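Take a look at the structure set out below.
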Amino acid sequence: MTTSSVPGGARTGALAALLILADGRFPAGGHAHSGGAEAAVAAGRITDGRTLEEFCRGRLHTAGLTAAALAAAAAAGLDPLALDDAADARTPAPALRTTARRLGRQMMRAARAAWPSDALDALAAARPRGAHQPVVLGLAARSAGLRPLDAAYAAVYESASGPATAAVRLLSLDPFEATAVLARLAPAMDTVAGHAAAAATRAATEGPDTLPSAAAPLLDITSQLHATWPVRLFAS
């Protein structure tokens, strides 16, 4: 029996798989989304490296924690359909739900090509319009033989690197400065990923309702406004 048919089985090259999954060149569609940075730049909340760091730090501890816990839970083997429902409940803004499912569809295409598994096929069939991206990310990590903590790291890194990369384009920010922002946030990423993985462990016995639901109301509000813009550089 192959590891592709048993998601989460031991697999040589698992750490390399994590690098592939977290790589910005992995064709999961994230490059077209700013994680709320475009609206924050327009509102004057992100103007330079310092304010970008503040934005990313806040996102890490709210939307990033929630996404990382969902991803870790999926990687731990919790029911992905129940997790998808939990993700819906934790995403009050319709614009963000649409974005999460659109990104989930793209992530699913990439993951099924890279690490085929029965679990990915089943979720794709059950959610033809797309499951929430963190759930698909976690299931992709499981299919690649990665641990829940690995999935949490991938989600956490994405929650900060997306806005940082977008700020380079939106502000003509020096890419060296954007990278320095991510480096300074590394300890926070460690902390959030650890909390997310621990939450996934609890959810395995207590259910997905116990997963974090950290809110970022301003991101919710600005995502709805951003969706109405007739001209924008990023999809979200």
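Tell me, which residue of the range 105-149 that is of a type in the set (D, E, K, R) and assigned to a helix (DSSP H, G or I) is nearest to the chain's Cα centre (by Cα)? So that I can check it myself, show each step before the final result.
Within the range 105-149, the first condition is being of a type in the set (D, E, K, R), and the residues that meet it are 105, 109, 112, 118, 121, 127, 129, 142, 147.
Next cut, assigned to a helix (DSSP H, G or I) only: 105, 109, 112, 118, 121, 142.
Working: Arg105: 13, Arg109: 16, Arg112: 17, Asp118: 22, Asp121: 20, Arg142: 15 Å.
Residue satisfying both the conditions and the ranking: Arg105.
How many residues does the range 150-205 contain that are under 18 Å from Ala68 (Cβ atoms), not β-branched (Val, Ile, Thr) and not in a loop (DSSP other than H, G, I, E, B)? Walk me through how you get there before you give the answer.
Taking the range 150-205 and keeping what is under 18 Å from Ala68 (Cβ atoms), we get 150-164, 182, 185-204.
Those left that are additionally not β-branched (Val, Ile, Thr): 150-155, 157-164, 182, 185-190, 193-200, 202-204.
With not in a loop (DSSP other than H, G, I, E, B) added as a condition, the list becomes 150-155, 157-164, 182, 186-190, 193-200, 202-204.
Selection size over the range 150-205: 31.
Give the range 38-88 a look and list any residue that's under 16 Å from Tyr157 (Cβ atoms) and aliphatic (A, V, I, L, M), or say none.
Leu52, Leu60, Ala63, Leu65, Ala67, Ala68, Ala69, Leu70, Ala71, Ala72, Ala75
Scan the range 162-178 and tell me whether some residue there is modelled with pLDDT of 95 or more, within 20 Å of Phe234 (Cα to Cα) and in contact with a Cys (Cβ under 8 Å, 6 or more places away or on another chain).
Yes, some residue in the range 162-178 is modelled with pLDDT of 95 or more, within 20 Å of Phe234 (Cα to Cα) and in contact with a Cys (Cβ under 8 Å, 6 or more places away or on another chain).
Checking Ala200 against (1) touching a residue at least 24 places away in the same chain (Cβ under 8 Å); (2) surrounded by 15 or more Cβ atoms within 10 Å (Cβ to Cβ); (3) under 23 Å from Ala28 (Cα atoms); (4) not aromatic (Phe, Trp, Tyr), only one condition comes out false. Which one?
Result: Ala200 fails condition (3) only.
Of all residues being within 16 Å of Ala37 (Cα to Cα) and within 20 Å of the chain's Cα centre (by Cα) in the range 169-191, which is surrounded by the fewest Cβ atoms within 10 Å (Cβ to Cβ)? Just the residue, please.
Per the stated criteria, the residue is Thr179.
Name the residues in the range 79-91 that are assigned to a loop (DSSP other than H, G, I, E, B) and touching a helix residue (DSSP H, G or I) at 6+ places or on another chain (Cβ under 6 Å), would you?
Of the residues in the range 79-91, the ones assigned to a loop (DSSP other than H, G, I, E, B) are 79, 90-91.
Once the filter is applied, which keeps residues that are assigned to a loop (DSSP other than H, G, I, E, B) and touching a helix residue (DSSP H, G or I) at 6+ places or on another chain (Cβ under 6 Å), the range 79-91 yields Arg90, Thr91.
Every residue in the range 1-37 that is at pLDDT below 90, in a loop (DSSP other than H, G, I, E, B) and out of contact with any Leu (no Cβ under 9 Å at 6 or more places or on another chain), please.
Result: Met1, Thr2, Thr3, Ser4, Ser5, Val6, Gly9, Ala10, Thr12, Gly13, Gly24, Arg25.
So if I check each of Ala114, Ala72, Ala93, which one is within 25 Å of Glu206 (Cα to Cα) and either among the hydroxyl-bearing types (Ser, Thr, Tyr) or touching a residue at least 40 places away in the same chain (Cβ under 8 Å) (or both)? If you could, list the steps in order and put the result at the bottom.
On the way: Ala114 fails: within 25 Å of Glu206 (Cα to Cα); Ala93 fails: within 25 Å of Glu206 (Cα to Cα).
Sole residue among the options that is within 25 Å of Glu206 (Cα to Cα) and either among the hydroxyl-bearing types (Ser, Thr, Tyr) or touching a residue at least 40 places away in the same chain (Cβ under 8 Å) (or both): Ala72.
So, in the range 206-236, of the ones that are hydroxyl-bearing (Ser, Thr, Tyr) and part of a helix (DSSP H, G or I), which residue ends up surrounded by the fewest Cβ atoms within 10 Å (Cβ to Cβ)? I'd like the intermediate steps shown before the answer.
The initial filter retains those residues of the range 206-236 that are hydroxyl-bearing (Ser, Thr, Tyr), namely 210, 213, 222-223, 228, 236.
If we keep only those that are part of a helix (DSSP H, G or I) as well, we get 210, 222-223.
On the way: Thr210: 16, Thr222: 21, Ser223: 22.
Applying the filter and picking the extreme gives Thr210.
Any residue that is crowded, with 18+ Cβ neighbours inside 10 Å and among the basic types (Lys, Arg) - is there at least one of those in the range 83-94?
Taking every residue of the range 83-94 in turn, at least one turns out to be crowded, with 18+ Cβ neighbours inside 10 Å and among the basic types (Lys, Arg).
The values are calculated or read from the model by the stated rules, or taken from the named source; none is laboratory data. All values reported here derive from a predicted model rather than from experimental measurement. Backbone-built Cβ (ideal geometry, glycine too); neighbour counts: all protein chains shown.
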